[in-house]
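The values are calculated or read from the model by the stated rules, or taken from the named source; none is laboratory data. Predicted model, so just to flag it, every value in this text is computed and none were measured. Because the Cβ atoms are built from the backbone with ideal geometry, glycine has one as well, and the counts that use them run over all protein chains shown. Protein only, heavy atoms only, side chains kept; ligands, DNA and RNA dropped before computing areas. Shrake-Rupley method; radii C 1.70, N 1.55, O 1.52, S 1.80 Å.
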Amino acid sequence: MTFPPSLPCGRFAPSPTGPLHFGSLVAALGSCLEARARGGRWLVRMEDVDQTRCRPEHADAILATLEAFGFSWDGAVMVQSTRTERYREVFEQLKALGSVYPCGCTRSELALAAPGIDGAPVYPGTCRAGLAASRSARAWRLRLEGEIGFDDYLQGRQHQHLPRDVGDCVVLRADGLFAYQLAVVVDDADQGVDHVVRGADLIDSTPRQIYLQHLLGLPILAYAHLPVAVDAQGAKLSKQTLATPLDVRNPAPALFAAAAFLGQNPPEELRRSLCRPASTDFWAWARGNWRLDKVPPVLNLAAIAINEEST
Ligand code: GLU
């Protein structure tokens with residue numbers, strides 16, 4: 001099925017570094033419902049650009065889990081590891097604009113720099129004016145200038161001074177792989193995505209992505225950053241910390257817990273009546289009742305224990 005480009009288009013873009021867990025379900029559900037409730041398209045993209053951390057078996061398992069949970073996406077899944085040529089083309093465009101430069105700094109040298117808004121070291125600009133004679137290029141960085149503000153649909157007005165808060169970011173890594181910030185911007189544009197609903201752990205990346213959109217003359221996307229599910233100690237649930245994988249044999253409790261986490265309050269009768277594996281009734285209710293403005297506008301929220309939501 002093809003859709004006119006005027007329809008809203010959202011996406012879920014997991015990195016296949018492990019199985020899906022409650023935190024990733026929240027991002028999948030929020031992005032899917034926001035797109036579908038507006039009659040739009042919803043795409044899935046496998047963000048396996050970082051081949052050192054991603055595995056094809058995790059990608060397969062993620063898609064199987066999404067299917068078991070009753071998600072359906074439009075078109076083929078875009079796979080970042082197949083798009084190197086396209087990223088290279090955009091990289092050459094940035095080079096021609098004079099917006100990227102080679103950097104010879106090592107990771108241990110950079111670790112000494114002061115941390116920025118996201119806790120990562122802010123690049124001190126060592127190679128910005130040219131590589132020292134004794135140095136050779138390791139990575140390529142994007143020259144970030146000025147300030148970027150945007151209105152997040154959930155978290156409100158956001159503002160970043162790029163050189164001070166994050167510093168020039170890597171777009172082509174020392175190991176030859178293109179970096180997330182470049183890939184995500186190119187892919188969103190190429191796929192016709194017009195709004196991004198994702199976890200608030202990525203909110204600090206958004207100004208860099210908007211900066212790249214401006215630089216490359218691409219459409220500027222709309223963003224809504226959902227609260228990130230944290231455990232009792234306040235740590236983000238993540239595949240790396242081995243957050244409990246979702247149970248594909250029993251999706252309904254996790255779907256309800258994710259909807260409740262997003263402030264959607266599924267009715268008690270529906271919750272009690274659900275036992276079918278793909279939870280058709282859940283989807284009919286969720287699509288018909290989704291309201292982005294009910295999602296708590298906070299960056300972090302304690303995860304809801306899935307069995308508390310069980311029928
Ligand atoms: N691949 C990223 C992740 O799994 C998400 C990127 C995005 O939504 O922009 O955290």
Could you grab me the full set of residues in region 196-221 that are surrounded by 17 or more Cβ atoms within 10 Å (Cβ to Cβ) and without any contact (Cβ under 8 Å) to a residue 24 or more places away in the chain? Leu202
Residues located in region 75-113, provided they are touching a helix residue (DSSP H, G or I) at 6+ places or on another chain (Cβ under 9 Å), part of a loop (DSSP other than H, G, I, E, B) and within 30 Å of Leu246 (Cβ to Cβ): Val77, Arg83
Scope region 158-176; condition closer than 13 Å to Cys105 by Cα and acidic (Asp, Glu); matching residues: Asp168
Taking region 34-44 as the search range and keeping residues that are away from the ligand (no atom under 13 Å from the Cβ) and of a type in the set (A, V, I, L, M), which one is farthest from Leu226 (Cα to Cα)? Ala37
Restrict the check to region 259-268 and report whether at least one residue is modelled with pLDDT under 95, out of contact with any helix residue (DSSP H, G or I) (no Cβ under 9 Å at 6 or more places or on another chain), open to solvent by 80 Å² or more (accessible area, probe 1.4 Å) and not in a loop (DSSP other than H, G, I, E, B). yes
Taking first residues from region 169-186 that are under 21 Å from Gly146 (Cβ atoms) and of a type in the set (Gly, Ala, Ser) and second residues anywhere that are surrounded by fewer than 19 Cβ atoms within 10 Å (Cβ to Cβ) and modelled with pLDDT of 95 or more, the pairs with Cβ under 8 Å that are 6 or more apart or on different chains are Ala179/Arg173
Looking at region 197-237, which of the residues that are part of a loop (DSSP other than H, G, I, E, B) and closer than 30 Å to Val100 by Cβ is farthest from the ligand (Cβ to nearest atom)? Gly217
Output the number of the condition that Ser31 fails; it satisfies all remaining conditions of (1) closer than 16 Å to Trp290 by Cα; (2) in contact with a Lys or Arg (Cβ under 8 Å, 6 or more places away or on another chain); (3) within 14 Å of the ligand (Cβ to nearest atom); (4) open to solvent by 20 Å² or more (accessible area, probe 1.4 Å). (4)
Condition (residue is touching a strand residue (DSSP E or B) at 6+ places or on another chain (Cβ under 9 Å) and among the polar types (S, T, N, Q)) applied to region 219-233: is it met by at least one residue? no
Considering only region 9-23, state which residues are within 10 Å of the ligand (Cβ to nearest atom) and outside any loop (DSSP other than H, G, I, E, B). Arg11, Phe12, Gly23
If we ask which residues in region 241-258 are aliphatic (A, V, I, L, M) and at pLDDT below 80, their number turns out to be 2
Residue count for region 168-194, restricted to those that are outside any loop (DSSP other than H, G, I, E, B), open to solvent by 10 Å² or more (accessible area, probe 1.4 Å) and touching a Leu at 6+ places or on another chain (Cβ under 6 Å): 1
Please determine whether any residue of region 45-56 is within 14 Å of the ligand (Cβ to nearest atom) and of a type in the set (Ser, Thr, Tyr). no
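Yes/no per residue for (1) surrounded by 19 or more Cβ atoms within 10 Å (Cβ to Cβ); (2) free of Cβ contacts under 8 Å to residues at least 60 places away in the same chain:
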{"site": "Val44", "(1), (2)": "yes, yes"}
{"site": "Glu47", "(1), (2)": "yes, no"}
{"site": "Cys54", "(1), (2)": "yes, yes"}
{"site": "Glu57", "(1), (2)": "no, yes"}
{"site": "Leu63", "(1), (2)": "no, yes"}
{"site": "Glu67", "(1), (2)": "no, yes"}
{"site": "Trp73", "(1), (2)": "yes, no"}
{"site": "Glu85", "(1), (2)": "no, yes"}
So which residues in region 102-121 are β-branched (Val, Ile, Thr) and either at pLDDT 95 or above or open to solvent by 70 Å² or more (accessible area, probe 1.4 Å) (or both), if there are any at all? Ile117
Condition first: at pLDDT 95 or above, of a type in the set (Phe, Trp, Tyr) and under 16 Å from Val90 (Cα atoms). Can you find one or more residues in region 179-190 that meet it? yes
